[in-house]
Amino acid sequence: MTKYLLTRLRQSLITLFLVSIVVFAGIRALPGDPALALAGEERSPEALAAIREAYGLNDNIVVQYARFIGHALTGDLGNSSRTGLPVADAIGQALPVTLELAALSLLLAVVLGIGAGVVAAVRRGKPEEWIANVIALIGLSIPTFWLGIVLVLGFAIAVPVFAASGYVPFGTDPVDNLRRMVLPAIVLGSGLAAVVMRQTRAAMLDSLSADYVRTARAKGLSKRSVVGGHALRNSLVTVVTVLGLQLGHLISGAVVTEQIFVLPGFGKLTIDAVFTRDYATLQAVVLCTSAAYILINLLVDVVYSVIDPRIRLGGAR
Amino acid sequence: MTETVLESVRGRVGEPVLSVRDLSVSFRSDTRTVHAVDGVSYDLHPGEVLAVVGESGCGKSVTSMAVMGLLPPTARIGGSIRVGGRELVGAPEKELQKIRGKDIAMIFQEPMTSLNPVLTIGRQIGEVLRRHQGLSRKEARERSVDLLDLVGIPAPRSRIDEYPHQLSGGMRQRVMIAIAVACDPSVLIADEPTTALDVTVQAGILEVLQSLRERLGTAIVLVTHDLGVVADAADRVLVMYAGRSVEEAPVHDLFATARHPYTRGLLGAVLRPGGEGKRRLPEIPGLVPSLDSQPDACTFAPRCSRADDTCTAGRPGFGSVDPGTGTDAAHRAACWHPYGAGEASDTLTATPATEPARPDQEAGK
Amino acid sequence: MTTATPALPTVPQTAKKRNANGRLRALRRNRLAMTGGIIAAVFILVALLAPLIAPYDPSQPDFGNVLAEPGAAHWLGTDDLGRDQLSRIVYGARASMQVGLVAVVLAFVIGVPLGLVGGYYGKFADGAISRLTDTMLAFPFLVLAVGLAAILGPSLTNATIAIGISQIPAVIRITRAETLRLKHVDYVGAAIANGGGDGTVLFRHILPNATSALIVQATVGIPAAIIGEALLSFLGLGVQPPDPSLGVMLSGAQSFLAPAPWLAVFPGLAIVAATLAFNLLGDGLRDVLDPRGGTR
């Protein structure tokens, strides 16, 4: 167990290291003077010199990289070239919005996806399976941003139940917060729910025909215990893996969703940084996103090994 | 208790714990109907071991699954299966759930895959106890330790928190037995319990089953195609062929004087004094008939050296081999031309497979 | 634009050919897959014949006729500049298909050789390629696209490159897995033992037999690329207005949701139809081609 986790941790760190090089090099690969890029609108020779000095752009590239990493590790991600404020603060403000959005979407995807997947597998060949399959396929084929627009049309304009834009912190007004977060969460979670449903169904069909399910039935267990305690428990291994692989899409999807619903989250920060050519922010945001992604994948592997004792205890005897 | 058990083993007293009457199972698909089991009947008395023998596809496993009520929904089941006086055919699933694992339990051929890989064995045993006996988590755990001990697993207290992949095949089959006998069922169905295991491990598993029968009085249906296992463990034998019962007899009688030509074929060289003992079923010329139809004839006739027009013109009844002893006789067969008690077998055209001799089997036990 | 088919030679004398007819028949029996295939074909035809089909010039404003409801003159209505929606959707489909095919070809041209090398030679090459794949996967698609747009500037070409790059890891993984599997198949082993050169073994024996898996991957990649293009264009990182693209149209429609909801509905339906079609076709192909049966 420990050995396995250490191996995974080492791999993650290597990947993270490579990612940081790519991000760092990416910004330096910008056409022209990086100081120009970092300067934003302020492009007087003095300002550029100041930036070169401030960012140490006159130093050896390796030294620059080491400093970049050193600062990043202490939480200093530089200052926005647009606002002049620390990027770390901007990220600190944006993160809760995105995390709430992601958490709600994930909840939705897991509950709906696993639920529908189990029903489709248990009711194989019945109308329930067919309906679940069709809905999942449509869910996979509808682009998130269009679903967002359609939902706004339906539930914010035609029948104004939910709000179409803006963010109110949960602490300030929980009801208003949810009123504004429901549509974005549906938009972001639906595609994931479809993927989870399909995988759950496939995994459940596998495990429902397994010998140990026959054993469970031979024990006289109720259908609920057989399906939930035995078949689903085994299927979760696959489902968690798929969830992990799909979380990258969740990050991408958050960018779009925040754009549609004007939520001041991580994604909005990213897109704004691109359009305002705020490279310091962009560099930090991309690094953070990738680090988060790597971390999530590591966590998925940990969860995976908790669910499946064969991985946790692999070759113990 | 012990006395009655022993008595019943020898003398078939009391009501049968399991009574199967005219059981038929068919599977219908869009294109064809397969009659997997066709009119099988047997009784199982307390503490008795009944071996159900036959080639693969003869319906012996389907019969067991029907008794457990574990056949897929596509199966059509006819006849009657009574356990402790309760009718199982047509009983609602909820009723069956209360009986399965409590009154009848089953162990399967594949110990490697029959346990859930992601649950501890303690949980998998305890589950049955909690379901049927309403034990608390803690009580179930204690009882599970006892059960592991009962089936001969060393250091049960430390094994209880292990996962199936940490145990060997033989150990896993012992766990399966522990699960099966957890609620002290009156009937235990063992479907090829030793087939997937090493020869050395097989003996141990059979020993466990024997001791359970002696200590708990559990009646066992032992489904197998291994005549060595039959000779070692069974009291009575039911031979099946193509979904029908062809012969039923106490184990000694069967090995000594099998009456049905198919049974003789199965026993092959075992019957010839001084001949080579054989463990596996010998080859009998011809093919097992398709189960698509239920012919009004003897299904073994096409492969039988004694077959004549009678055999293809009507289905033989399953009755006593010795006239005058009635249908309830101990030795019964379904054949128009059964062998007499002392009659020698016709020469088999099939060459017996060459396997090491097992002299201990010659006498049938 | 579509002349460069993926680097897949036609399947030679393998078991596949003998089964080809049976597989085609199986595919034809799958009604959902056939429906998908037909819609996909229509979509490709529309993209190819856009100038012949579009009733109006997609970029020609008509200020006397803005935000017209769907009607006889403009079947799907007009946008805020009076441009014909149907014509813009037809041309938008053209952009979608272009990106869909080019991005997938790009991903295959780079991913297939890397996957072959990684799977066939193993050891150091495999390790290096696997780390490369991991690193690429560490950038979620949109982050990658955003980064590229920031570096290269937003345009259809750069969006295509970003989408293509984002699909490379999947292509590498699938090719690598197939290569690993096929390396141990008897006839490939025989070819290696008979002294077949690496090139011969890879391109005559392994690649043709990996075609099924790669075709399935392509049917996954194309709809993903179509959605990717619409997404990037929607965010302003892809096709730049006034050029028509389904994503650009949706982006513009957002400002007129209340007065002209049809502007948001039809381009979206076009995207859904195209992706659903390819997904259905892909599911059907997977059932028929992939012996280890993907979803089923």
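Return a whole-number percent for the relative contact order of segment B:62-166, with Cα pairs under 8 Å and 6 or more residues apart as the contact set. List each step's numbers first, then the result.
Details: 80 pairs, mean separation 23.3, N = 105.
Relative contact order here is 22 percent.
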Per residue of A:291-301, other chain Cβ atoms within 10 Å number on average 1
Cβ neighbours within 10 Å from other chains - mean over C:128-139
5
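Write down, largest first, the equivalent ellipsoid semi-axes of segment A:50-101 in whole Å, where each equals the square root of 5 times an eigenvalue of the alpha-carbon gyration tensor.
26, 14, 7
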Radius of gyration and maximum dimension Dmax of segment A:189-317, Cα, Å
20.1, 66
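Which shape class, rounded, prolate or oblate, goes with segment B:79-235 when its Cα gyration tensor gives a ≥ b ≥ c as root eigenvalues, a/c under 1.5 marks rounded, and past that a/b bigger than b/c marks prolate? Intermediate results must be reported in sequence, preceding the final value.
Details: a/c = 1.68, a/b = 1.05, b/c = 1.59.
Oblate shape, in that a/c is at least 1.5 and b/c is the bigger or equal ratio.
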Below 20 Å, Cα to Cα, which aspartates and glutamates can A:Lys268 reach? Residues fewer than 8 away in the same chain don't count.
A:Asp89, A:Glu100, A:Glu258, A:Asp278, C:Glu229
Which whole-number percent gives the relative contact order of segment C:46-124, counting Cα pairs below 8 Å spaced six or more residues apart?
28 percent
Rounded to the nearest 0.05, FRET efficiency between B:Ser41 and B:Ser293 (Cβ-Cβ, R0 22 Å) equals 0.55
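Share of antiparallel DSSP beta bridges in the protein assembly as shown, in percent to the nearest 5? Mind dumping the intermediate values first?
Working: 31 of 50 bridges.
Here the share of antiparallel DSSP bridges comes out near 60 percent.
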Taking chain A as a Gaussian network, where each spring joins two C-alpha atoms under 10 Å apart, which residue of A:Thr15, A:Thr172, A:Thr241 fluctuates the most?
A:Thr172
Once phi is turned into θ = phi - 60°, what whole-Hz ³J(HN,Hα) does the Karplus curve with 6.51, -1.76 and 1.60 give for every residue of segment B:191-197, x standing for Gly and Pro?
8, 6, x, 10, 4, 7, 10
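Using the 10 angstrom Cβ neighbour count as an exposure proxy, how do A:Glu258, A:Glu100 rank, fewest first? Spell out each step's value before the answer.
Working: A:Glu258 25, A:Glu100 20.
In increasing order of surrounding Cβ atoms, one gets A:Glu100, A:Glu258.
Sorting check: for B:41-52, C:181-192, which peptide has the highest mean count of neighbouring beta carbons within 10 Å, and how do the rest follow?
Order by mean packing, descending: B:41-52, C:181-192.
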Table column - 3J(HN,Hα) (Hz), segment C:185-196, Karplus curve with 6.51, -1.76, 1.60, x for Gly and Pro
6, 3, 5, 6, x, 5, 4, 5, 5, 6, x, x
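Relative contact order, percent, of segment B:11-52 when contacts are C-alpha pairs under 8 Å separated by at least 6 residues? Working shown, then result.
Numbers: 57 pairs, mean separation 18.4, N = 42.
Once divided by the residue count of segment B:11-52, the mean separation gives 44 percent.
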Centroid-to-centroid separation of segment C:265-279 and segment A:54-118 [C-alpha atoms, Å]
33 Å
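Per-residue mean of other chain beta-carbon atoms within 10 angstrom of the beta-carbon, peptide B:112-123? Write down the numbers at each step before the final one.
Working: counts 1, 5, 8, 4, 12, 8, 12, 7, 1, 0, 0, 1.
Counting Cβ atoms of other protein chains within 10 Å of each residue's Cβ and averaging gives 5.
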Set of aspartates and glutamates near C:Lys183 by C-alpha distance (under 13 Å), chain-local residues within fewer than 8 positions excluded:
C:Asp198
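Rounded to the nearest 0.05, what FRET efficiency do A:Trp130 and C:Val66 have when you use their Cβ-Cβ distance and R0 = 41 Å?
Working: r = 44 Å, r/R0 = 1.07.
According to the calculation, E is roughly 0.40.
With the Cα gyration tensor of chain A giving a ≥ b ≥ c as the square roots of its eigenvalues, does the rule (a/c under 1.5 for rounded; else a/b larger than b/c for prolate; else oblate) give rounded, prolate or oblate? Walk me through the numbers before you get to the answer.
Numbers: a/c = 3.04, a/b = 1.59, b/c = 1.91.
Oblate shape, in that a/c is at least 1.5 and b/c is the bigger or equal ratio.
Hey, what number do you get for chain A at 222 nm if only DSSP H runs of n ≥ 4 count, each worth -39500 (n - 2.57), divided across all residues, to the nearest 500?
Numbers: 13 runs with 231 residues, N = 317.
Computed ellipticity for chain A at 222 nm equals -24500 deg cm²/dmol.
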Testing the spin-label approximation: label points 7 Å from Cα along Cα→Cβ at C:Leu152 and A:Thr172. State their distance in nm.
4.0 nm
Could you rank the peptides C:244-257, C:47-60 by their average count of other C-beta atoms within 10 Å per residue, with the highest value first?
C:244-257, C:47-60
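Counting each DSSP H run of 4 or more residues in chain C as -39500 (n - 2.57), what helix-only mean residue ellipticity at 222 nm follows after dividing by all residues, to the nearest 500 deg cm²/dmol?
Working: 11 runs with 198 residues, N = 296.
Dividing the helical sum by the residues of chain C leaves -22500 deg cm²/dmol.
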Residues with amide H under 5 Å from that of A:Asn79, placed H, sequence gap 5 or more:
A:Val87
Rounded to whole Hz and in sequence order, give me ³J(HN,Hα) for segment A:10-21 from the Karplus expression 6.51 cos²θ - 1.76 cosθ + 1.60, θ = phi - 60°, writing x for Gly and Pro.
5, 4, 5, 5, 4, 4, 4, 4, 4, 4, 5, 5
Extension gain (nm, one decimal) between B:Ala256 and B:Ala91, 0.36 nm per residue minus Cα-Cα
55.4 nm
Give B:Lys94/B:Lys138; B:Lys60/B:Lys98; B:Lys98/B:Lys138; A:Lys223/B:Lys94; A:Lys126/B:Lys94 a once-over and call out the pairs whose C-alpha atoms are over 19 Å from each other.
B:Lys94/B:Lys138; B:Lys60/B:Lys98; B:Lys98/B:Lys138; A:Lys126/B:Lys94
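Rounded if a/c is under 1.5, else prolate if a/b beats b/c, else oblate: with a ≥ b ≥ c from the C-alpha gyration tensor eigenvalues square-rooted, which is segment A:178-232? Can you show the working numbers first?
Numbers: a/c = 7.32, a/b = 2.55, b/c = 2.88.
Since a/c reaches 1.5 but b/c is at least a/b, the shape of segment A:178-232 is classed as oblate.
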Point-to-point label distance, A:Glu46-B:His337, nm (Cα→Cβ direction, 7 Å offset):
12.2 nm
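Taken together, the values in this text are just the output of simple stated rules run on the coordinates, not laboratory data. Values in this document were obtained by computation on a predicted structure and should not be read as measured data. So basically every Cβ, Gly included, is an ideal-geometry build from the backbone, and we count neighbours across all protein chains shown.
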